[in-house]
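K.L.:
Structure incoming, see below.
The values are calculated or read from the model by the stated rules, or taken from the named source; none is laboratory data. The structure displayed is predicted, hence computed values, not measured ones. Cβ placement follows ideal geometry from the backbone for every residue including glycine, while neighbour counts extend to all protein chains displayed. Heavy atoms of the whole protein, side chains included, go into the accessibility calculation; ligands, DNA and RNA do not. Shrake-Rupley method; radii C 1.70, N 1.55, O 1.52, S 1.80 Å.
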Amino acid sequence: MLLYDLVNARGAHFSPNSWRVRMALAHKQIGYQVEDLHFGQIESINPGGERLTIPTIEHEGQRVTDSWAIVQYLDQTFADQPALIGSGSAAQVLRFFQYWVQTTVHAGIIRLILRDLHDSLHPDDHAYFRASREKQFRKTLEEVQAGRDDRVGAFRESLRPMRMKLQESPFVGGEVPSYADYLAFGGFQWARLSSSYPLLAEDDPVYAWRERCLDLFNGLARQEPAAN
Ligand SMILES: N[C@@H](CCC(=O)N[C@@H](CS)C(=O)NCC(=O)O)C(=O)O
């Protein structure tokens with residue numbers, strides 16, 4: 001099992017979508033190797049072909065790209081382990097939760113740390129990252145991040161559904177972590193590895209949940225060097 005992953009200037013694997021897969025692999029106790037890439041090296045995965053996204057895996061001659069497709073592949077290929085996505089309506093609701101993470105958690109985080117994220121990348125990636133993200137946001141990185149102290153409260157408020165669930169159980173999935181936890185955790189790990197900005201108040205149940213996720217699998221995610 002080979003995972004293509006992104007690294008920043010400090011060698012931290014910061015991709016939120018890769019963390020979903022890393023946590024899924026750990027959950028299923030599947031060993032893997034990692035090929036570290038900068039943004040500018042992504043083309044090397046599929047030379048001359050379409051530009052793939054990170055995460056991408058290779059396993060027994062198969063290449064799978066997109067975190068959801070990868071975890072479905074792991075469910076099918078390692079069927080002796082409990083499924084993380086599974087099938088039926090539970091899988092559909094997880095898919096809905098992934099969209100919530102994308103539109104609320106990731107979209108909220110990026111507007112608070114975009115310039116910090118740029119600064120954390122390898123210098124070879126600075127020009128590509130600035131150009132692609134400024135085109136996407138139609139603003140400079142600095143304009144996107146400006147005024148974050150006035151906006152972080154609204155971001156924290158947007159996490160209310162998670163906070164309500166975490167007042168009922170230690171994980172979104174209940175007593176033990178589920179793929180829903182890994183979906184949401186990826187976003188917070190991305191922020192933690194890319195910026196020292198305090199996204200969460202320390203008395204927030206979401207903060208305590210993030211700490212629990214960092215402790216999973218012998219502190220797998222905590223071992224990745226946080227931004228300082
Ligand atoms: N839906 C995809 C999204 C993957 C994605 O957008 N990955 C980012 C890194 S987290 C990427 O490859 N970006 C390449 C780029 O911006 O050039 C998934 O969940 O795997």
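K.L.:
Of all residues in the stretch 181-205, how many are touching a Leu at 6+ places or on another chain (Cβ under 6 Å) and either closer than 23 Å to Ser67 by Cα or crowded, with 21+ Cβ neighbours inside 10 Å (or both)?
P.N.:
2
K.L.:
If you scan the stretch 22-45, which residues turn out to be open to solvent by less than 80 Å² (accessible area, probe 1.4 Å) and farther than 16 Å from Val7 by Cβ?
P.N.:
Met23, Ala24, Leu25, Ala26, His27, Lys28, Ile30, Gly31
K.L.:
Of all residues in the stretch 206-228, how many are surrounded by 23 or more Cβ atoms within 10 Å (Cβ to Cβ) and more than 22 Å from Asn17 (Cβ to Cβ)?
P.N.:
0
K.L.:
Picking from Leu94, Leu112, which residue would you name as being buried (at least 21 other Cβ atoms within 10 Å of the Cβ) and part of a helix (DSSP H, G or I)?
P.N.:
Working: Leu94 fails: buried (at least 21 other Cβ atoms within 10 Å of the Cβ).
Every option except Leu112 fails the conditions.
K.L.:
Next question. Is the stretch 46-63 home to any residue that is in a helix (DSSP H, G or I) and either buried (at least 22 other Cβ atoms within 10 Å of the Cβ) or in contact with a strand residue (DSSP E or B) (Cβ under 6 Å, 6 or more places away or on another chain) (or both)?
P.N.:
Just the residues of the stretch 46-63 that are in a helix (DSSP H, G or I), to begin with: none.
No; the residues of the stretch 46-63 include none that is in a helix (DSSP H, G or I) and either buried (at least 22 other Cβ atoms within 10 Å of the Cβ) or in contact with a strand residue (DSSP E or B) (Cβ under 6 Å, 6 or more places away or on another chain) (or both).
K.L.:
Quick one: how many residues across the stretch 62-86 are modelled with pLDDT under 95 and of a type in the set (S, T, N, Q)?
P.N.:
Residues that pass the stated criteria total 1.
K.L.:
Let me ask you something else. Could you tell me whether any residue of the stretch 130-153 is modelled with pLDDT of 95 or more, of a type in the set (Ser, Thr, Tyr), within 16 Å of the chain's Cα centre (by Cα) and not assigned by TED's automatic domain parsing to the domain that holds Gln72?
P.N.:
Taking the stretch 130-153 as the starting set, the residues that turn out to be modelled with pLDDT of 95 or more are 130-153.
So of that shortlist, the ones also of a type in the set (Ser, Thr, Tyr) come out as 132, 140.
From the residues that got through so far, the ones that are within 16 Å of the chain's Cα centre (by Cα) too are none.
There is no residue in the stretch 130-153 that is modelled with pLDDT of 95 or more, of a type in the set (Ser, Thr, Tyr), within 16 Å of the chain's Cα centre (by Cα) and not assigned by TED's automatic domain parsing to the domain that holds Gln72.
K.L.:
Considering only residues that are at positive phi and within 7 Å of the ligand (Cβ to nearest atom), which ones fall in the stretch 54-75? Steps first, answer last, please.
P.N.:
Pass one, the stretch 54-75, residues at positive phi: 60-61, 66.
Correct list: Asp66 only.
K.L.:
Take Arg115 and decide whether it is under 19 Å from Trp190 (Cβ atoms), touching a residue at least 12 places away in the same chain (Cβ under 8 Å) and in contact with an Asp or Glu (Cβ under 6 Å, 6 or more places away or on another chain).
P.N.:
Details: under 19 Å from Trp190 (Cβ atoms): yes; touching a residue at least 12 places away in the same chain (Cβ under 8 Å): yes; in contact with an Asp or Glu (Cβ under 6 Å, 6 or more places away or on another chain): yes.
Spelling it out, Arg115 is indeed under 19 Å from Trp190 (Cβ atoms), touching a residue at least 12 places away in the same chain (Cβ under 8 Å) and in contact with an Asp or Glu (Cβ under 6 Å, 6 or more places away or on another chain).
Here's the yes/no breakdown for (1) in contact with an Asp or Glu (Cβ under 6 Å, 6 or more places away or on another chain); (2) touching a residue at least 60 places away in the same chain (Cβ under 8 Å); (3) closer than 29 Å to Ala127 by Cα:
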residue: Tyr4; (1), (2), (3): yes, no, yes
residue: Ser18; (1), (2), (3): yes, yes, yes
residue: Gly31; (1), (2), (3): no, no, no
residue: Asp36; (1), (2), (3): no, no, yes
residue: His59; (1), (2), (3): no, no, no
residue: Gln76; (1), (2), (3): no, no, no
residue: Ala83; (1), (2), (3): yes, no, no
residue: Gln92; (1), (2), (3): no, no, no
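K.L.:
Checking the structure you have, find out if any residue of the stretch 183-193 is more than 16 Å from the ligand (Cβ to nearest atom) and more than 15 Å from Ala107 (Cα to Cα). Break it down stepwise before answering.
P.N.:
Going residue by residue through the stretch 183-193, those that are more than 16 Å from the ligand (Cβ to nearest atom) are none.
No: zero hits.
K.L.:
What tally of residues in the stretch 10-21 results from selecting those that are open to solvent by 40 Å² or more (accessible area, probe 1.4 Å) and more than 16 Å from the ligand (Cβ to nearest atom)?
P.N.:
1
K.L.:
To continue, here is another question. For Gly108, which of the numbered conditions (1) within 13 Å of Ala191 (Cα to Cα); (2) within 13 Å of the ligand (Cβ to nearest atom); (3) not acidic (Asp, Glu) fails to hold?
P.N.:
(2)
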